[in-house]
1. Which ranges mark the strands (runs of 3 or more DSSP E) fully within region 38-113 that have 3 or more residues being farther than 17 Å from S17 by Cβ?
2. Within region 1-22, can you find the residues that are open to solvent by 60 Å² or more (accessible area, probe 1.4 Å) and more than 17 Å from the chain's Cα centre (by Cα)?
3. Among the residues of region 28-55, which ones are among the small types (G, A, S) and without any contact (Cβ under 8 Å) to a residue 12 or more places away in the chain?
4. Return the only residue of S25, S62 being open to solvent by 50 Å² or more (accessible area, probe 1.4 Å) and in contact (Cβ under 8 Å) with a residue 40 or more places away in the chain.
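The values are calculated or read from the model by the stated rules, or taken from the named source; none is laboratory data. All values derive from a computational prediction rather than experimental measurement. Glycine gets a Cβ as well: all are built from the backbone with ideal geometry, and neighbour counts include every protein chain shown. Heads up: the accessible areas ignore ligands, DNA and RNA and are worked out on the full protein's heavy atoms, side chains in. Shrake-Rupley method; radii C 1.70, N 1.55, O 1.52, S 1.80 Å.
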Amino acid sequence: QVQLVESGGGLVQPGGSLRLSCAASGSIFSIYAMGWYRQAPGKQRELVAKSTSGGSTNYVDSVKGRFTISRDNAKNTVYLQMNSLKPEDTAVYYCNALVVVTMGGSIRNYWGQGTLVTVSS
């Protein structure tokens, strides 16, 4: 079993910054990718940013230039630095990890419990 524990959400004013963290623990052989999704009220969950083990990253267009995803592979941790936050960034942010639990095993998809980010004055 793999657990993803998120931290760093909260209330911030427009133009402010927050840093989200997500640590993966448990039975992990390797992590193919880690990323962040978000879901605003009444909207579908969307990919915000993703980082693969090969070092590639991708972002949804609305956060490019403002958010930065990074990983500490030794700690199985992914971060999301969010700058110049806007009210439309308000959402529950979910950590996601694609994990291989055992050598030769398939890739499994895991989710964190979510952390609320509210951007408001």
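1. Details: elements: 46-52, 57-59, 67-72, 77-82, 91-100, 107-111.
Passing ranges, in order: 46-52, 91-100, 107-111.
2. Once the filter is applied, which keeps residues that are open to solvent by 60 Å² or more (accessible area, probe 1.4 Å) and more than 17 Å from the chain's Cα centre (by Cα), region 1-22 yields Q1, L11, Q13, P14.
3. Taking region 28-55 as the starting set, the residues that turn out to be among the small types (G, A, S) are 30, 33, 35, 40, 42, 49, 51, 53-55.
Scanning region 28-55 gives G42, G54, G55.
4. Details: S62 fails: in contact (Cβ under 8 Å) with a residue 40 or more places away in the chain.
Matching residue, one of S25, S62: S25.
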